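Engineer: Dropping the structure in here first, questions after.
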Amino acid sequence: MAQTVILHVQNEDPIIAETENLPGSTDTLVTITNPRRRDGKSLTHITEGSVAYIYPLNRITFIEVMAPPGEESDIITFFR
């Protein structure tokens with residue numbers, strides 16, 4: 001099952017994408033599919049017709065893993 005992630009690439013806007021496997025502690029690359037900007041628009045530097053994209057982890061500041069649809073109600077969020 002693919003997980004939705006937000007990649008925070010150095011000196012670029014964040015990228016929303018799906019990944020089958022999160023990178024492990026010994027991995028140097030992360031493979032993603034269906035990359036897009038936060039507003040859903042396509043990325044300008046991606047060639048149309050590509051299916052998978054490989055980013056080196058040394059260019060990524062951090063990765064946010066999003067909750068699967070339907071499970072957001074189980075997450076405790078910040079409140080006052």
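The values are calculated or read from the model by the stated rules, or taken from the named source; none is laboratory data. On a predicted model such as this, the values are computed, not experimentally measured, just so you know. We place every Cβ from the backbone using ideal geometry, glycine too, and count neighbours over all the protein chains shown.
Engineer: Would you check if residue 77 is of a type in the set (Val, Ile, Thr) and either in a loop (DSSP other than H, G, I, E, B) or modelled with pLDDT of 95 or more (or both)?
Structural biologist: It is true that residue 77 is of a type in the set (Val, Ile, Thr) and either in a loop (DSSP other than H, G, I, E, B) or modelled with pLDDT of 95 or more (or both).
Engineer: Kindly indicate the residue of region 42-65 that is at pLDDT 90 or above and among the β-branched types (Val, Ile, Thr) and also nearest to residue 5 (Cα to Cα) among those meeting that condition.
Structural biologist: 65
Engineer: Here is a further query. Does residue 39 fit the bill of being under 17 Å from residue 6 (Cβ atoms) and not in a strand (DSSP E or B)?
Structural biologist: yes
Engineer: For residue 6, indicate whether it is β-branched (Val, Ile, Thr), part of a loop (DSSP other than H, G, I, E, B), touching a Pro at 6+ places or on another chain (Cβ under 7 Å) and surrounded by fewer than 15 Cβ atoms within 10 Å (Cβ to Cβ).
Structural biologist: No; evaluated as a whole, the condition is false for this residue.
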